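The values are calculated or read from the model by the stated rules, or taken from the named source; none is laboratory data. Only a predicted model underlies this, so the values are computations on that prediction, with no experimental measurement involved. Cβ: placed from backbone, ideal geometry, glycine included. Neighbour counts: every protein chain shown. Surface accessibility is based on the protein's heavy atoms, side chains included, excluding ligands, DNA and RNA. Shrake-Rupley method; radii C 1.70, N 1.55, O 1.52, S 1.80 Å.
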Amino acid sequence: MSGPDPVPPPTVEVHIDHYSAVHLAATRARETAVQCGLAGSLPDRAGAVASELASNLGKHAMDGVLYLQPAPGGAGLEILAADRGPGMADLQRCLADGYTTTGTLGTGLGAVQRIAGELVVRTQPGEGTVAAARISPPGTVRPAPRAGMIRLPAEGEDVCGDGCAVTGDPEAPTAMVVDGLGHGAPAERAARTALRAFEGMAADALPEIVRNLHRSLRHTRGAAVGLLRLREGHAEYCGVGNVRLCVLSVEDEHRRLDGRPGVVGWNLPTPQVRTVPLRPGQVAVLYSDGIASRWSHSPGPFLLRLPPELLPAALAHRHRKYRDDATALSMEGL
């Protein structure tokens, strides 16, 4: 008997461009919650959280969007909101349950925090706001390290040819982003094949993982692959194709690494492992070429200060290429 499918459904995207989108967001949140295995009152709680966040976007924000997806690294649903609105000058005041204002985005955030149980918010006046609410069954424990991800299909597609996963020992977790060549069903089959093969490779050296993926992908159209393994104080990166790594730092210069030219499954170069410093508090992000790479050359202060739970949503919202699948996975250093 086959095990559970390692490929979750793509992230659901709801643009809040009209107040009628609030009802759509709530409906899609309830549906996605059921798909994520939530039962009882939890789907209705998901709908209430999505409704509150979407209402905020509709009333106060510009270019607002909600993302709905399985919670990274654990059971439950994650609801992400991103905008280019006015931001909040006093976030803690806006998080007070019942606080409301027409001057800033903040209405209902206290209710979201109470209903969801988990809420992470970052905001900057004049820059916008990004928030992540997670709804999980009672007793759910979030695995270390802190992580975030997003996986969006190309515009007009129902399936996503990108994939991402984190596996292995919490003291040395290994992340993968895979980008099947092109988009649509053939690319999705390549990504799904890679993710199924990746499930049992947590203890292998990164070059060996790449070589095993190459053998698994020989009968597909192939893929770009990026691997990231966290160690105490640093990280190891091994990539082939256009899956890039960026390590962000407020104090120091951020680091960017590209994969070696090639296609896993077709023409594999000699896998090469590179090491980069990664301290606790710093965030590393793997991303496919559906996220425009120019963001990493001069990320602004807002992006540099985002925690891993929020960074992928902000990148997708601000730097996504709609003609291609787009995936980003971020983790905090150990």
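Annotation: residue 196 carries an accessible surface of approximately 130 Å², with a 1.4 Å probe and no ligand, DNA or RNA atoms counted. Result for the chain in a Gaussian network model with C-alpha springs under 10 Å: among 299, 308, 72, the largest mean-square fluctuation is at 299. Working note: Karplus 6.51/-1.76/1.60 with θ = phi - 60° gives the range 78-86 the couplings 10, 10, 10, 10, 9, 8, 10, x, x Hz, where Gly and Pro are set to x. Charge dipole of the range 214-333 (Cα centre as origin; +1 on each Lys and Arg Cβ, -1 on each Asp and Glu Cβ, all else neutral): 420 debye, rounded to the nearest 20. Along the chain, the longest continuous region that contains none of the GluC sites (Glu not before Pro) in a DSSP loop with at most 16 other C-beta atoms within 10 Å is 1-154. When all alpha carbon pairs of the range 204-309 are counted in 5 Å bins from zero, the resulting P(r) reads 2, 12, 23, 22, 18, 12, 8, 3, 1, 0 %.
The alpha carbon centroids of the range 151-168 and the range 41-59 are separated by 24 Å. Percent of alpha carbon pairs in the chain separated by more than 35 Å? Percent of Cα pairs beyond 35 Å in the chain: 18. When shorter helices are ignored and each DSSP H run of at least 4 residues is given -39500 (n - 2.57), the per-residue value for the chain at 222 nm works out to -7500 deg cm²/dmol. Scanning residues 5 or more positions from residue 282 or on other chains, those with amide H under 5 Å from its amide H are 333, with H placed 1.01 Å from N in the peptide plane. If you sort 322, 19 by accessible surface, 1.4 Å probe, largest first, the order is 19, 322. Summing charges over all other residues whose Cβ lies under 10 Å from the Cβ of residue 87, with Lys and Arg as +1 and Asp and Glu as -1, gives 0. If only the Cβ of Lys and Arg carry +1 and only the Cβ of Asp and Glu carry -1, the dipole of the chain around its Cα centre is close to 400 debye.
Could you tell me which of 49, 88, 301 has its Cα farthest along the dipole of the chain towards the positive end, charges placed at Cβ (Lys, Arg +1; Asp, Glu -1), taken about the Cα centre? The listed residue farthest towards the positive side: 301. Local charge for residue 288 was computed over the other residues whose Cβ lies under 11 Å away, with Lys and Arg +1 and Asp and Glu -1, and equals -1.
Each Cα pair under 8 Å and six or more residues apart adds its sequence gap; the mean of these over the residue count of the chain is a relative contact order of 16 percent. Taking amide H as placed 1.01 Å from N in the peptide plane, the amide H of residue 71 sits under 5 Å from that of 76, 77, 78, each at least 5 places away or on another chain. What the Kirkwood sum gives for the range 160-251 is a hydrodynamic radius of 13.4 Å, with every pair of different alpha carbons counted.
If you plug the beta carbon distance of residue 221 and residue 44 into 1/(1 + (r/R0)^6) with R0 = 41 Å, you get a FRET efficiency near 0.50.
For residue 234, nonlocal amide neighbours, meaning residues 5 or more places apart or on other chains whose placed amide H falls under 5 Å from its own, are 278, 334.
Under a GNM of the chain (C-alpha, springs under 10 Å), which listed residue has the highest mean-square fluctuation: 116, 284, 223? Top of the fluctuation ranking is 116. Here, the range 11-87 yields an orientationally averaged convex hull projection of 4.7 nm² when only Cα atoms define the hull. Shape of the range 141-209 from the C-alpha gyration tensor: oblate (a/c of 1.5 or more and a/b not above b/c, with a ≥ b ≥ c the square roots of its eigenvalues).
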